[in-house]
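Comments concern the structure below.
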Amino acid sequence: MLLKELSPKIESALNNQVEMEAASSQYYLAMASWAEVEGYNGIAQFLYRHSDEERVHMLKLIKFINERGGHGLVPALKQPTVKFKNINAVFEQVFSHELLVSKEINNLVDMALAEKDYATQTFLQWYVTEQIEEERMARHILDKLKLIGEDKGGLYIFDRDLATLNTADQH
Ligand code: FEO
């Protein structure tokens, strides 16, 4: 057992974030699978990559908690939404979910500062930067979908482009 450097409050809040990142990975995995079944292969590839990245976000948190003498806890997860009305509904959900994640990260930063836990605060900066990218990307995709509207040809090209669009971590 390592000397514990995390307060119980910060450890518990970080573990809540572990759960949120794990749930994000599941959400995007469910979206990817739905998109693949519906024939949107490019969108599916993009969402599979996104799901993998959320798992990396979760792992980074678990390792940080453990390195500081805490215990990163693997959470139980509920089944996410597995069916969607259309592609717009998928990306609207991505965007609103990422806004929620950003809010939680900001709350964590506030908490770390209030407790003068500067190591945690510094660690969280990576997530703050990551969330700027994730929100930017989701907004960019929603703008494109708005332009496409009901144009099937546009959606075909959009699907093709998303196969190679970098997810936030790859920028
Ligand atoms: Fe790891 Fe998309 O938040």
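Worth a mention:
- Among residues of the range 120-157, those that are farther than 25 Å from GLN17 by Cα, more than 19 Å from the chain's Cα centre (by Cα), free of Cβ contacts under 8 Å to residues at least 24 places away in the same chain and in a helix (DSSP H, G or I), counted: 10
- Filter result for the condition that a residue is more than 12 Å from the ligand (Cβ to nearest atom) and either in contact with a strand residue (DSSP E or B) (Cβ under 7 Å, 6 or more places away or on another chain) or touching a residue at least 12 places away in the same chain (Cβ under 8 Å) (or both), over SER24, SER7: SER7
- Flag for GLU133 being within 19 Å of MET31 (Cβ to Cβ), crowded, with 17+ Cβ neighbours inside 10 Å and within 13 Å of the ligand (Cβ to nearest atom): no
- Test set (1) buried (at least 18 other Cβ atoms within 10 Å of the Cβ); (2) at pLDDT below 95 - PHE123 fails condition number: (2)
- Restricting the range 10-21 to residues that are within 16 Å of the ligand (Cβ to nearest atom) and either at pLDDT below 95 or hydrophobic (A, V, I, L, M, F, W, C) (or both) leaves a set whose member that is surrounded by the fewest Cβ atoms within 10 Å (Cβ to Cβ) is ALA13.
- Cross-chain or 6+ apart pairs with Cβ under 6 Å, the range 41-65 first and within 15 Å of the ligand (Cβ to nearest atom), then modelled with pLDDT under 95 and not hydrophobic (A, V, I, L, M, F, W, C): ARG49/THR167; HIS50/THR167; GLU53/THR167; GLU53/ASP169
- In the range 158-170, of all residues being within 16 Å of the ligand (Cβ to nearest atom) and not in a helix (DSSP H, G or I), the one that is nearest to SER25 (Cα to Cα) corresponds to THR167.
- Count - residues of the range 66-87 that are over 17 Å from the mean Cα position of the chain (by Cα) and either within 16 Å of the ligand (Cβ to nearest atom) or surrounded by 14 or more Cβ atoms within 10 Å (Cβ to Cβ) (or both): 7
- Residue in the range 28-37 that is within 28 Å of GLU150 (Cα to Cα), within 12 Å of the ligand (Cβ to nearest atom) and either touching a residue at least 60 places away in the same chain (Cβ under 8 Å) or part of a helix (DSSP H, G or I) (or both) present: yes
The values are calculated or read from the model by the stated rules, or taken from the named source; none is laboratory data. The model shown is predicted, which means the values in this text are computed figures rather than measured ones. Note that we place each Cβ from the backbone using ideal geometry, even for glycine, and neighbour counts take in every protein chain shown.
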